[in-house]
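Visitor: So that we are looking at the same thing, I have put the structure below in structure tokens.
The values are calculated or read from the model by the stated rules, or taken from the named source; none is laboratory data. Keep in mind that this is a model prediction, so the values were computed, not measured. Please note: Cβ atoms are built from the backbone with ideal geometry, for glycine as well, and neighbour counts cover all protein chains shown. Please note that ligands, DNA and RNA were not included when accessible areas were found on the heavy atoms of the full protein model with its side chains. Shrake-Rupley method; radii C 1.70, N 1.55, O 1.52, S 1.80 Å.
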Amino acid sequence: FKTCPGRVISKLLCSGEKEVDLAVQSAKSAFKVWSQMSGMERSRVLLEAARIIREQREEIATLETINNGKSIFEARVDIDISWQCLEYYAGLAGSLAGEHIQLPGGSFGYTRREPLGVCVGIGAWNYPFQIACWKSAPALACGNAMVYKPSPFTPISVVRLAEIFTEAGVPKGLFNVVQGGAATGQFLCHHPDVAKVSFTGSVPTGVKIMEMAAKGIKPVTLELGGKSPLIIFSDCALENAVNGALMANFLTQGEVCCNGTRVFVERKILDVFTKEVVKRTQKIKVGDPLLEDTRMGALINRPHLDRVQGFIKQAKEQGAEVLCGGDLYVPDDPKLKNGYYMRPCVLGNCRDDMTCVKEEIFGPVMSILPFDTEEEVVERANNTKFGLAGGVFTRDIQKAHRVVAALKAGMCFINNYNISPVELPFGGYKASGFGRENGRAAIEYYSQLKTVCVEMGDVESVF
């Protein structure tokens, strides 16, 4: 592969209603076989898929970089998280069980944890392969089948995942991929044989998916946008806090839903923190994502790059100061001149009422805001329609726990940021969605409980 930003690397046909139905019916047939296998049998298949991904790490990471534009350095991390996710749920597959409840007179009851059926996964373009693993691993571990639709901007790497599942030994059709945009998503959500929909993406699309799923009374998991607060107290370890702010804003070109893009800095250290963040941001190497020393690749496409640039322009008009970056970047390599590159941006002189502080930009733009007291910053941090994540940097561990307890967010970080171990649940509050991915919590969203009541004596009739 060679990076050719701005050029078409492949063309795929959109899946229409007929193709979607074929995919669902195929998955439905495979589900009958897969759901009857023991958890240990499913575990062995998932472990084999994890092994293949681990062995083909470099090839898949390269494919993902071309697919998405992120640096090869980050893509390798995504692939590692992906096989770890499969391994984790392979470990849980054999332990899924219900409860036994003793009742009076020797009678008893028990619960069975059963799969839902054919689940639909609809992924985003920022972590194409990883999100597909986050959705498919718990779904398959619980005994479900899955039909997956990647973003039309990143359609390639998920096809490789489907091939890997087949190589690993899943029944034919258990994990099917359909391609397309909104229309394909609608066919999936409306299909009568789909049992559940899991979506990662924007709030407006999440609302539409929830409405469509409601008509079929289908359970939904929504992992949507965010405008998360990152709170830097004056008693923090400064270098660590700066590292955290960079991690919270510039991974994957800033195209991360849980990024801490509202950076609240205690006024005592505002100047020294800002100076250090600007200095470090200016050193971030932008360019060819396949080069080993690149740390920021290309944004996903031209319309999105223009949208991010529009936010920066509006921020300046509203009084924010561009402390560094925000301009387009043109690499020296002539092959890359049409790429969607920009320099990471830090905005100072920000206020809570500015658009850049209120709306999700989904690009490499950090907004710095001063604060004076803990009570004040918690109130301001929660003053948002979103609630995906939040972070706190302080040496005072009691204060750290006190503040994260007060934050209305589903994923909180203390003295780190954007760390998402597969063992821990991930998901949001408020408009950032509901349901959880990863951890044992995801099992609840890919299975259902059946209660069985067994009478050991004669039935006492009231009639």
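Visitor: Please work out the Cα convex hull volume for region 227-278 and give it in Å³ per residue.
Guide: Output value, Cα hull per residue: 63 Å³.
Visitor: So how tilted is helix 128-141 from the main axis of the chain? Cα-based, degrees 0 to 90, rounded to 10.
Guide: On a 0 to 90 degree scale, this one is about 20.
Visitor: Right, another one. Hey, got the dipole for region 229-414? About the Cα centre, +1 on K and R Cβ, -1 on D and E Cβ, debye to the nearest 20?
Guide: 220
Visitor: Can you give the extra length, in nm with one decimal, that the chain gains between Lys316 and Lys337 once fully stretched, where that is 0.36 nm per residue apart less the Cα-Cα distance?
Guide: Here the answer is 4.9 nm.
Visitor: Let me ask something additional. Take the alpha carbon atoms of region 304-424, find their radius of gyration, then divide it by 2.2 N^0.38 Å using N residues; give the quotient.
Guide: Scaled against compact globular proteins, the figure is 1.25.
Visitor: Given q = 0.10, 0.15, 0.18, 0.20 Å⁻¹, what are the Debye log10 I(q)/I(0) values for region 1-148, with equal point scatterers placed on the Cα positions and solvent ignored?
Guide: -0.46, -0.89, -1.13, -1.24
Visitor: Roughly how big is the chain's charge dipole about its Cα centre, with Cβ charges of +1 (Lys, Arg) and -1 (Asp, Glu), in debye to the nearest 20?
Guide: So the magnitude is around 780 debye.
Visitor: If you average the alpha carbon positions of region 380-413 and of region 154-205, how far apart do those two centres end up, in angstrom?
Guide: For region 380-413 versus region 154-205, the Cα centre distance is 34 Å.
Visitor: Using only Cα atoms and rounding to the nearest 10 degrees, what angle (0 to 90) does helix 39-55 make with the longest principal axis of the chain?
Guide: 30
Visitor: Could you tell me the accessible area of Tyr445 in Å² (1.4 Å probe, neighbours in place), rounded to the nearest ten?
Guide: 90
Visitor: Could you state the principal axis extents of the C-alpha atoms in region 48-96, from the largest down, to the nearest angstrom?
Guide: For region 48-96, the Cα spread along each principal axis is 38, 16, 14 Å.
Visitor: Considering the options Leu174, Leu188, Ile231, tell which one lies farthest towards the positive end of the dipole of region 129-235, charges being +1 on Lys and Arg and -1 on Asp and Glu at the Cβ, about the Cα centre.
Guide: Leu188
Visitor: Tell me the carbon and sulfur percent of the accessible area for the chain, rounded to whole percent, probe radius 1.4 Å.
Guide: C and S atoms contribute 54 percent here.
Visitor: Under 5 Å between amide H atoms, partner at least 5 residues away or on a different chain: which partners does Asn415 have, H built in plane at 1.01 Å?
Guide: Val392, Phe393, Thr394
Visitor: Ordering Ile101, Ile53, Ile217 from largest to smallest accessible area (1.4 angstrom probe), what's the sequence?
Guide: Largest to smallest exposure gives the sequence Ile217, Ile101, Ile53.
Visitor: For the chain, state the semi-axes of the equivalent ellipsoid (square roots of 5 times the eigenvalues of the alpha-carbon gyration tensor), sorted largest first and rounded to whole angstrom.
Guide: Values for the chain, descending: 40, 28, 19 Å.
Visitor: Another question, if that's okay. Just need the relative contact order of region 229-414 here, percent rounded to a whole number, with Cα pairs under 8 Å and 6+ apart.
Guide: Answer for region 229-414 is 28 percent.
Visitor: Take region 229-414, compute every pairwise Cα distance, and split them into 10 Å bins from 0; I just need the percent in each bin.
Guide: Histogramming region 229-414 at 10 Å steps yields 10, 39, 35, 14, 3, 0 percent.
Visitor: Using the alpha-carbon centroid of each, what span in Å lies between region 228-263 and region 65-90?
Guide: For region 228-263 versus region 65-90, the Cα centre distance is 21 Å.
Visitor: Let me ask something additional. Taking amide H atoms as placed 1.01 Å from N in the peptide plane, list the residues 5 or more away in sequence, or in a different chain, whose amide H sits under 5 Å from that of Leu230.
Guide: Arg262, Val263, Phe264, Gly391
Visitor: Points 7 angstrom from Cα along the Cβ direction at Lys268 and Gln56: gap in nanometres?
Guide: 5.4
Visitor: Also, I was wondering about something else. At 222 nm, what helix-only mean residue ellipticity would the chain give, in deg cm²/dmol to the nearest 500, using -39500 (n - 2.57) for each DSSP H run of four or more?
Guide: -12500 deg cm²/dmol
Visitor: Rounded to whole Hz and in sequence order, give me ³J(HN,Hα) for region 144-152 from the Karplus expression 6.51 cos²θ - 1.76 cosθ + 1.60, θ = phi - 60°, writing x for Gly and Pro.
Guide: Once rounded to whole Hz, the list reads 7, 9, 9, 10, 10, 10, x, 4, x.
Visitor: Would you please give the residues with an amide H less than 5 Å from that of Leu388, counting only those at least 5 places away or on a separate chain, with H modeled from the backbone geometry?
Guide: Counting only residues 5 or more places away or on other chains, the set is Lys227, Gly410, Tyr429.
Visitor: Determine the principal axes of the Cα atoms in region 270-319, then give the extent along each, sorted from largest to smallest and rounded to whole angstroms.
Guide: On the principal axes, region 270-319 reaches 36, 30, 9 Å in Cα extent.
Visitor: Here's a follow-up. Over 19 Å between Cα atoms, which of Lys28/Lys135; Lys135/Lys196; Lys70/Lys316; Lys358/Lys385 qualify?
Guide: Over 19 Å Cα-Cα: Lys70/Lys316.
Visitor: Modelling each spin label as a point 7 Å along the Cα-to-Cβ direction, I'd like the Ile101/Glu239 distance in nm, to one decimal.
Guide: In this crude label model, Ile101 to Glu239 measures out at 5.6 nm.
Visitor: Could you give each residue of region 159-174 its phi-based ³J(HN,Hα) in whole Hz, using Karplus coefficients 6.51, -1.76, 1.60 with θ = phi - 60°, and x for Gly or Pro?
Guide: Values per residue, Gly and Pro as x: 4, 5, 4, 4, 5, 5, 4, 5, 4, 6, x, 5, x, 4, x, 5 Hz.
Visitor: Next up: Applying the Karplus parametrisation 6.51 cos²θ - 1.76 cosθ + 1.60 with θ = phi - 60° to the phi angles of region 209-220, what ³J(HN,Hα) value in whole Hz is obtained for each residue in order, glycine and proline being reported as x?
Guide: With the stated coefficients, region 209-220 comes to 5, 4, 5, 5, 5, 4, 5, x, 6, 9, x, 9 Hz.
Visitor: Can I ask one more? Does anyone have the angle between helix 302-317 and the longest principal axis of the chain? Alpha-carbon axes, 0 to 90°, nearest 10?
Guide: 50
Visitor: Would you mind getting the accessible area per residue of the chain, heavy atoms of the protein chains only, 1.4 Å probe, in Å²?
Guide: On a per-residue basis, the chain sits at 44 Å².
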